[in-house]
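Working notes, structure below.
The values are calculated or read from the model by the stated rules, or taken from the named source; none is laboratory data. Quick caveat: nothing in here was measured; it's all calculated off a predicted structure. Because the Cβ atoms are built from the backbone with ideal geometry, glycine has one as well, and the counts that use them run over all protein chains shown. For the accessible areas, the whole protein counts, side chains as well, though only heavy atoms, and no ligand, DNA or RNA atoms are used. Shrake-Rupley method; radii C 1.70, N 1.55, O 1.52, S 1.80 Å.
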Amino acid sequence: QQRSLAEALAREFGREGRFQYVDLGGVVDLRDSTLSADGIHPTPLGARIVATRLAEAMLERVRARLQ
């Protein structure tokens, strides 16, 4: 599903310079009970990891635009 979503988004918005798809699907191991209690939704720790990775991706994009 994630791959087909990424491909669809790239087709629709790929030429838009402000668009960037960030795949965070593998960032949190949903089998780890400290990161996901139910195997679907992240715990606060899991959410923090996702948020950190997303912020890092955004900052990289900002830095690249400033250079």
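Of the residues making up region 1-25, just one is assigned to a helix (DSSP H, G or I) and of a type in the set (Phe, Trp, Tyr), namely PHE13. Do we find that ASP23 is under 21 Å from LEU5 (Cα atoms), modelled with pLDDT under 95 and open to solvent by 60 Å² or more (accessible area, probe 1.4 Å) in this structure? Spelling it out, ASP23 is indeed under 21 Å from LEU5 (Cα atoms), modelled with pLDDT under 95 and open to solvent by 60 Å² or more (accessible area, probe 1.4 Å). Filter region 26-59 for residues that are within 14 Å of the chain's Cα centre (by Cα) and part of a loop (DSSP other than H, G, I, E, B); which is surrounded by the fewest Cβ atoms within 10 Å (Cβ to Cβ)? Across region 26-59, the extreme among qualifying residues is GLY26.
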